[in-house]
Amino acid sequence: MKTAPQKPPQPPRWARNLLRWYCRPDLLEDLEGDLHEYFERNLKTKGLGRARWIYILDALKFFRPYTVRKPKFLNLLIHWLMIGSYVKTSRRSLVRNKLFSSINIIGLAVSMSVGLLVIAFLTDLFSYDQFHEKKPRIYRLLTHHESADKRVMDFASTSLKAGFKLRETIPGVEDVTLLRRGFYSDAKVSDETILPLEATWADPSFLKVFTFPLLKGNPATALKEPYSLVLTEKTARKLFGEAEAMGQTVRFDTLNYTVTGVLKDIPKLSHIRFEALVSLSSMLGQKADSDGGIMDWNNIYQNYVYFTLPENANLQTIQTGLDKLSIAENRQLDRQKITLSLQPMDDIVLGRRLSNEIGIHIPQLVVWILIGLATVVMVSACFNYTNLSIARSMRRSREVGIRKIVGALKNHVLGQFLAESVIISIMALVFSFLLFLLLRSQFLALAPQVADMASLELSPLLILYFLLLAVVVGFVAGFLPALFFSRIQAIQVLKNASTLKVFRHVSLRKTLIVIQYTFSLMFITATLIGHKQYRGFLSYDLGFSTENILNIRMQGNKSTLLKKELSEIPAVSQLATSRMVPSLGSLYGNSLKYTDKNTPDSAMVWLNFVDEHYLPLHHYQLLAGSNFKNRPTDGNETEVIVNQQVLKRFRMADRHPIEAIGKQVIMDNKPLTIVGVLKDFHYGTMEQKIEPTVFRYSADEPGGYLNVGIKSDDYPAALASIESAWRKIDKVHPLNAVFYDDQLEAAYRQFEVMVKVIGFITFLAICIASMGLFGMVVFTTETRLKEISIRKVMGASESGLIFQLSKGFLLLLLIATLIALPITYLFFDRVILTKFEYHQPIGVSELVMSVLVVMTLAFLLIGSQTLKAARSNPAKVLKSE
C-alpha cells in the first residue's frame with residue numbers, strides 16, 4: 001500500500017504572514033524568497049528547530065523604516081490632500097477663464113433644471129401605491145374582448161362573474177376583492193346637509209387586499225352587510241362636521257345607508273381614489289330585479305377585480321386556470337370572445353394603455369419621451385463643456401506637461417480634470433435647483449391632469465437623486481477632456497504643443513457642434529409640426545357645428561324643467577338634449593342587427609341618444625330622409641337616424657342613400673326604422689376612423705346633457721342668467737356648463753401640453769447650443785487674431801475676413817440641417833402621424849422656418865464676434881511680434 005508523500009518542512013506560518021503584512025509590496029517578493037532560501041540551507045546544516053528560530057529572527061530583523069509599507073490611513077490622507085489640491089487648482093482655473101466657466105455653469109444649470117423636473121415627476125410616478133403592504137403580491141384581472149365583428153379591445157375592467165369564479169375555482173389565489181364604479185348620488189344627512197358624492201362599491205375583502213387604514217370601524221365587517229357605508233375622513237367632516245360619524249344614517253335617493261367605518265384620507269399617489277365605499281352586497285341586491293345581466297360574463301365595463309397571490313406563486317399556473325375559465329364561459333356567448341389575464345400592480349400606472357382605467361395612468365412612451373428630452377438637453381450641455389475644454393487644449397496642455405515633468409501620474413491628471421468638471425456641475429446644481437423651484441409650478445400648471453397625478457414635493461430621497469445627477473453629469477461632461485489631457489506626453493507638449501491631435505481624421509469639436517444643432521433643429525421642426533397638427537385638430541371639419549353651443553351636464557336632473565327656465569332667456573336661441581357629447585373621446589356603442597332577409601348581419605355601432613332639436617342645432621347634413629318625426633311615448637321607440645358608414649357596413653344602399661330610408665334594424669331587441677341618413681361626421685377624435693354611428697331618440701331621463709345655442713354679444717351676462725336658472729331647479733349641484741369649442745380644446749390638451757413641453761425643451765436646447773457656439777467663436781477669433789491682423793495688413797477686406805472666419809461654422813450648421821430635416825420628416829410622416837387618421841400634411845414652411853430660426857441666431861452670434869475681430873487694429877495685435 002502506497003503512503004502519501006510527506007510535505008517538506010516549512011517556516012512558521014505566523015512569521016511568514018507577519019512579513020507579508022508589514023513589508024512593502026515592491027520588496028516582498030525578493031525578501032521572502034531570500035528568507036526562504038536561508039531557511040532551506042539552515043534546515044540541512046542546523047536542523048528544523050534552529051532553522052525556524054533563525055527565520056523568525058530574520059523576519060523581525062527586517063522590520064525597518066525602508067521595508068515597512070505605508071499605512072492605509074496615510075494613503076487615504078494623501079488621497080484627500082490630492083483632492084484638496086484638485087479643488088484649489090480647479091478654482092484657479094475657473095477664475096482665470098470666467099467666460100468659459102460661466103458658459104459651462106449656465107448651460108449645465110439650465111439643462112439640469114429639466115433633469116430635476118423629470119426626476120421629481122418620475123419619482124412621483126414610481127411611488128404610486130407604495131403604501132400598500134401587499135403591493136408586490138397584488139394583481140389586477142384584465143379583459144381581452146373580441147366582438148362579433150372582430151373588433152379587439154383590452155380593458156382594465158372585467159365582469160363580476162370573473163371575480164367570483166376566480167375566488168371559487170382557481171387554486172393558489174389568496175384573497176380576491178371586487179369593485180364596481182358608477183355610484184354617483186347626493187348624500188343627504190338632513191334638509192340642510194346635502195352633498196354630491198362619488199363612491200365605489202366594494203366587497204369585504206377590499207380592506208384586506210389594500211392598505212387603506214380604518215380610523216374607526218372593523219376592517220373585517222365594515223363592508224359586509226348591505227347598505228354599509230365607509231367614508232373617508234374628509235368626506236365624514238363634510239357630512240357631519242366634528243360630530244361622530246360612526247353609526248350615522250346617510251340617505252341616497254330613497255335608501256338609507258349606515259356609516260360602518262371612517263378611512264384615513266386616500267394618499268394622492270394612489271391610482272384608486274374615492275370619497276366613500278359602499279358594500280357591494282347593496283348593489284347586488286338592488287340590481288337583482290332591475291338588471292338581470294349584472295352577473296353576465298360579458299358585463300365587463302364597470303367592474304374591477306384585484307387579488308393577492310402568495311410569495312413565489314407560479315403565475316403561469318394562475319394564467320392556465322384563467323384560460324380554462326375563459327374557454328368554459330365563452331361557450332355561452334354569441335360570436336364574442338373574452339380572455340382573462342393578470343397584471344402586476346407595479347404595471348398599472350406605468351403599464352400599457354387599456355380602456356376603462358379606474359385611475360391615473362401614464363403610457364410608457366410618455367415616460368421615455370420625457371427621459372429622452374431631458375437626456376438630450378443635458379448631453380448638449382455636456383457637449384459644450386467637452387467642446388470648450390478641448391478647444392483650450394493648447395493653453396492647458398503646457399500646464400499638464402509641466403505637472404507630468406514634476407511627477408504627476410496619469411491618474412492624477414485624470415482626477416484633476418474630473419474633479420474640475422464635478423465642481424462645475426455641483427455649482428450648476430445650486431442654480432438649477434433655484435430654476436427647479438421656479439419651474440415646478442409652471443410644470444404642474446401645464447394641464448389639470450399633471451397637477452392631479454404629481455406633486456413634485458421635495459424629500460431626502462429626491463435631494464439625493466439631485467446630487468447623484470450632478471455628479472453623473474460632471475463625470476460625463478469631464479470624462480473626454482480628462483482622458484484627453486491624461487494621455488498627453490510631456491516632452492511632446494513642451495517641444496511643440498501644436499502637434500496634439502484629438503482624432504486623426506475627424507475633429508471632435510466639429511462633431512459635437514453638428515450633433516447639438518442637429519437636435520436643436522429636430523426640436524424646432526417637431527414643435528412647428530406639432531403646433532400645426534394641434535391647430536388642425538381644432539379647426540378640422542367635424543361634419544357638424546360646435547360654435548356658440550353650451551353643453552350643460554344635467555347631473556341627475558330632468559331637462560324639461562331647465563328647458564322651461566332657459567327658454568325665457570333672450571340670449572338662448574335653441575335647446576336640445578343628448579346623452580353624450582361626441583368628438584371628445586368618449587365612446588358609447590351597442591350592437592345593431594340588419595334584418596334584411598337576404599343578408600342578415602350584425603355589428604357594433606357607435607350610439608348617441610338625442611331629441612328632434614339636436615340635428616338643427618348642430619347643423620348636421622341630412623343626405624336623405626328627415627329628422628325624427630314621432631316622439632316616443634311610454635318607451636315605444638320606432639325611429640333611428642344613421643350615417644353613411646352604416647349603409648356601407650350593411651350594404652343598404654348601392655346607388656343613393658335614399659334607398660336606406662324605411663329599412664329596419666334591431667337594437668336592444670327593438671325594431672327601428674331608418675328615417676334619415678346623415679353625411680359622415682366625427683363621433684370620435686382625430687385618432688379614430690369615422691365608423692358606423694346611429695342616433696336614437698332620447699327620452700327625458702335624468703342625466704345626459706342639455707345643448708344650448710347662445711346668441712348674444714355679452715356672454716358673461718348670458719352665462720349669469722343661465723346659472724340663475726340652474727339654481728332654481730338644483731340648489732345642490734353647481735352649474736357644470738362648458739362651451740363645445742372649449743371642450744374640444746380640452747380633448748386635445750394632451751397634444752397642446754406635448755407641444756409646450758417640446759417647445760420649452762427646444763428653447764433650452766437652442767440656448768445651450770448657442771452658448772456653446774458663442775464660446776467656440778470667441779475662442780476661435782481670439783486664437784486667430786494674429787492671422788486676421790496679417791490678412792488685414794495684406795489688404796483683406798472686413799467682409800472677406802468675416803466670411804473666412806464664419807464659413808467653417810456655417811458649414812457645420814448646413815451639415816446639421818441636412819441630417820435633422822430628413823430624420824424629423826420621416827419620423828413624423830412614418831411613425832407619429834400614422835396614428836392619426838385625419839392629420840395635416842407636413843408642409844415646407846415648418847421645415848424652412850426651423851432652418852431660418854437657427855441660421856439667423858447662429859449668424860448673429862458668429863457675425864458679432866467675427867466683425868469685432870475683423871475691425872481690430874493690426875498694429876496693437878502685431879506690435880509684440
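Structural remarks
- Matching residues in segment 732-762 - criterion: being in contact (Cβ under 8 Å) with a residue 60 or more places away in the chain and not in a helix (DSSP H, G or I): Val732, His733, Leu735, Asn736, Ala737, Val738, Phe739, Tyr748
- Options Thr339, Thr317, Thr386: the member that is out of contact with any Phe, Trp or Tyr (no Cβ under 9 Å at 6 or more places or on another chain), of a type in the set (Ser, Thr, Tyr) and part of a helix (DSSP H, G or I): Thr317
- Candidate set from segment 696-739 (those that are among the aromatic types (Phe, Trp, Tyr) and closer than 30 Å to Leu672 by Cα); member that is surrounded by the fewest Cβ atoms within 10 Å (Cβ to Cβ): Tyr697
- Yes/no for Phe609 being closer than 29 Å to Glu547 by Cα, hydrophobic (A, V, I, L, M, F, W, C), in contact (Cβ under 8 Å) with a residue 40 or more places away in the chain and surrounded by fewer than 21 Cβ atoms within 10 Å (Cβ to Cβ): yes
- Those residues of segment 614-628 which are of a type in the set (Ser, Thr, Tyr) and either loosely packed, with under 15 Cβ neighbours inside 10 Å or in a helix (DSSP H, G or I) (or both), in sequence order: Tyr614, Ser626
- Across segment 797-813, the number of residues qualifying as hydrophobic (A, V, I, L, M, F, W, C) and loosely packed, with under 15 Cβ neighbours inside 10 Å comes to 3.
- Cβ pairs under 7 Å, 6+ apart, first in segment 250-277 and more than 16 Å from Leu229 (Cβ to Cβ) and in the same structural domain as Asn557 (by TED's automatic domain parsing), second part of a strand (DSSP E or B) and among the basic types (Lys, Arg): none
- Qualifying positions in segment 98-154 - in a helix (DSSP H, G or I) and more than 30 Å from Ile424 (Cβ to Cβ): Leu125, Lys135, Pro136, Arg137
- One residue stands out in segment 319-335 among those that are surrounded by fewer than 15 Cβ atoms within 10 Å (Cβ to Cβ) and of a type outside the set (Lys, Arg): the one that is nearest to Pro363 (Cα to Cα), namely Gln319.
- Selection of strands (runs of 3 or more DSSP E) fully inside segment 173-218 by the criterion of at least 2 residues being assigned by TED's automatic domain parsing to the domain that holds Leu142 and either under 30 Å from Gln343 (Cβ atoms) or within 30 Å of the chain's Cα centre (by Cα) (or both) returns 175-188, 194-202.
- The requirement of being outside any strand (DSSP E or B), within 26 Å of Gly293 (Cβ to Cβ), at pLDDT 90 or above and touching a Lys or Arg at 6+ places or on another chain (Cβ under 9 Å) is fulfilled somewhere in segment 692-701, by at least one residue.
- Among the candidates Leu195, Leu160, Leu166, residue that is surrounded by fewer than 22 Cβ atoms within 10 Å (Cβ to Cβ) and in contact (Cβ under 8 Å) with a residue 40 or more places away in the chain: Leu195
- Residue match in segment 409-417 (condition: surrounded by fewer than 19 Cβ atoms within 10 Å (Cβ to Cβ), at pLDDT 85 or above and either under 30 Å from Asn303 (Cα atoms) or out of contact with any strand residue (DSSP E or B) (no Cβ under 8 Å at 6 or more places or on another chain) (or both)): no
- Condition check for Val646: in a helix (DSSP H, G or I) and either closer than 30 Å to Asp714 by Cα or in contact (Cβ under 8 Å) with a residue 40 or more places away in the chain (or both): yes
- Exclusive hit being farther than 22 Å from Leu566 by Cα, among the hydroxyl-bearing types (Ser, Thr, Tyr) and assigned to a strand (DSSP E or B), set Thr633, Thr685, Thr673: Thr673
- Per the conditions (1) surrounded by fewer than 18 Cβ atoms within 10 Å (Cβ to Cβ); (2) in contact with a helix residue (DSSP H, G or I) (Cβ under 9 Å, 6 or more places away or on another chain); (3) closer than 18 Å to Ile524 by Cα, the sole criterion not satisfied by Glu846 is (1).
- Flag for Leu528 being farther than 30 Å from Arg335 by Cβ and in the same structural domain as Thr817 (by TED's automatic domain parsing): yes
Here is a yes/no grid of residues against (1) out of contact with any Ser or Thr (no Cβ under 7 Å at 6 or more places or on another chain); (2) buried (at least 18 other Cβ atoms within 10 Å of the Cβ); (3) modelled with pLDDT of 90 or more:
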| residue | (1), (2), (3) |
| --- | --- |
| Arg398 | yes, no, no |
| Ser421 | yes, yes, no |
| Met427 | yes, yes, no |
| Leu434 | yes, no, yes |
| Arg440 | yes, yes, no |
| Met453 | yes, yes, no |
| Gly478 | no, yes, no |
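- Unmet criterion (only one of (1) over 19 Å from Met604 (Cβ atoms); (2) modelled with pLDDT of 90 or more) for Val646: (1)
- Residues in segment 459-468 that are touching a residue at least 12 places away in the same chain (Cβ under 8 Å) and of a type in the set (A, V, I, L, M, F, W, C): Leu461, Leu462, Phe466, Leu467.
- Residues being touching a residue at least 24 places away in the same chain (Cβ under 8 Å) and surrounded by fewer than 16 Cβ atoms within 10 Å (Cβ to Cβ) - total across segment 23-43: 4
The values are calculated or read from the model by the stated rules, or taken from the named source; none is laboratory data. The shown structure was predicted, so the numbers you read here are calculated from the model rather than taken from an experiment. Cβ sites come from the backbone with ideal geometry, for glycine too, and all protein chains shown count toward neighbours.
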